[in-house]
1. Looking at the range 9-27, is at least one residue part of a helix (DSSP H, G or I) and of a type in the set (Val, Ile, Thr)?
2. Any residue at all in the range 154-165 that's out of contact with any helix residue (DSSP H, G or I) (no Cβ under 9 Å at 6 or more places or on another chain) and either over 22 Å from LEU33 (Cβ atoms) or part of a helix (DSSP H, G or I) (or both)?
3. If THR62 satisfies all but one of (1) of a type in the set (Ser, Thr, Tyr); (2) under 26 Å from GLY21 (Cα atoms); (3) in contact with a strand residue (DSSP E or B) (Cβ under 6 Å, 6 or more places away or on another chain), what's the number of the condition it fails?
4. Do we find that THR114 is away from the ligand (no atom under 16 Å from the Cβ) and buried (at least 18 other Cβ atoms within 10 Å of the Cβ) in this structure?
5. On the basis of being away from the ligand (no atom under 11 Å from the Cβ) and among the hydrophobic types (A, V, I, L, M, F, W, C), does VAL75 make the cut?
6. Output the residue which, of all residues in the range 21-30 that are farther than 18 Å from SER55 by Cβ and free of Cβ contacts under 8 Å to residues at least 24 places away in the same chain, is nearest to the ligand (Cβ to nearest atom).
7. Out of the residues in the range 118-140 that are in contact with a helix residue (DSSP H, G or I) (Cβ under 7 Å, 6 or more places away or on another chain) and outside any helix (DSSP H, G or I), which is surrounded by the fewest Cβ atoms within 10 Å (Cβ to Cβ)?
8. Within the range 1-20, take every residue that is at pLDDT below 95 and more than 7 Å from the ligand (Cβ to nearest atom) and give me the one that is surrounded by the most Cβ atoms within 10 Å (Cβ to Cβ).
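The values are calculated or read from the model by the stated rules, or taken from the named source; none is laboratory data. What you are looking at is a predicted structure, and each value in this text was computed from that prediction instead of being measured. When we count neighbours, we look across all protein chains shown, and the Cβ atoms used for this are built from the backbone with ideal geometry, even at glycine.
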Amino acid sequence: MRTVEATDRVELVFSLLDADGNGTLEAEDFELLARRVSAVAPESDDAAKSALLHSCRRYWQTLVTELDTHGNGQVSRDEFTACVLSPERFEATIDEFAAALATLGAPAGDGLVTRPLFMALMIAIGFERSRIDALFDAFDPDDSDRIPEAIWAEGIRDYYRPEKAGIPGDQLTGGARP
Ligand SMILES: [Ca+2]
């Protein structure tokens with residue numbers, strides 16, 4: 001079963017990745033994603049940035065491998081949605097991306113992500129500021145306004161789960177239901 005919320009969530013990701021708005025994704029979109037995100041993480045070490053780049057490239061490679069792209073190296077919105085919302089095809093790939101992104105968010109090595117860095121990373125991906133704030137709140141930050149890296153990674157994995165609705169990630173699409 002696939003929820004409307006899940007479709008909304010990944011269609012939003014597609015639109016953010018399709019930076020030139022031509023309706024298809026290409027390999028370069030994922031290089032750009034890694035560069036945009038790493039650029040706002042000056043405190044992170046090279047290993048964390050390399051891990052993110054690797055995970056972004058794997059994201060693209062999985063799409064290409066799983067989908068019949070007819071050798072043209074492009075992925076349409078429908079192809080994208082079908083692939084990333086199929087856990088049997090995409091779960092391991094999104095696990096790696098989720099871990100890499102969340103690790104980038106916790107450069108102090110204490111496993112905690114501050115709100116300013118969370119905002120910066122998510123703005124770099126392309127999400128809206130007010131929605132990112134709402135998402136951070138939904139992750140239940142501590143008294144110092146930080147969330148565990150593991151909670152964020154789990155939130156990313158949930159974001160790509162086809163059967164999920166009413167999760168923190170729905171804050172990003174406005175699709176959150178009471
Ligand atoms: Ca494009």
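1. Filtering the range 9-27 for residues part of a helix (DSSP H, G or I) gives 9-17, 27.
Checking the rest, the ones that are also of a type in the set (Val, Ile, Thr) come to 10, 13.
Yes, the range 9-27 contains a residue that is part of a helix (DSSP H, G or I) and of a type in the set (Val, Ile, Thr).
2. Of all residues in the range 154-165, those out of contact with any helix residue (DSSP H, G or I) (no Cβ under 9 Å at 6 or more places or on another chain) come to none.
Checked the range 154-165: no residue is out of contact with any helix residue (DSSP H, G or I) (no Cβ under 9 Å at 6 or more places or on another chain) and either over 22 Å from LEU33 (Cβ atoms) or part of a helix (DSSP H, G or I) (or both).
3. Every listed condition holds for THR62 apart from (3).
4. On the way: away from the ligand (no atom under 16 Å from the Cβ): yes; buried (at least 18 other Cβ atoms within 10 Å of the Cβ): yes.
Here the answer is yes, as THR114 does meet what is asked.
5. On the way: away from the ligand (no atom under 11 Å from the Cβ): no; among the hydrophobic types (A, V, I, L, M, F, W, C): yes.
Against the criterion (away from the ligand (no atom under 11 Å from the Cβ) and among the hydrophobic types (A, V, I, L, M, F, W, C)), VAL75 does not qualify.
6. Taking the range 21-30 first, the residues farther than 18 Å from SER55 by Cβ are 21-24.
Add one more test, that the residue is free of Cβ contacts under 8 Å to residues at least 24 places away in the same chain, and what stays is 21-22.
Details: GLY21: 7, ASN22: 4 Å.
By that ranking, first place goes to ASN22.
7. In this case the residue turns out to be GLY126.
8. If we take residues in the range 1-20 being at pLDDT below 95 and more than 7 Å from the ligand (Cβ to nearest atom), then ARG2 is surrounded by the most Cβ atoms within 10 Å (Cβ to Cβ).
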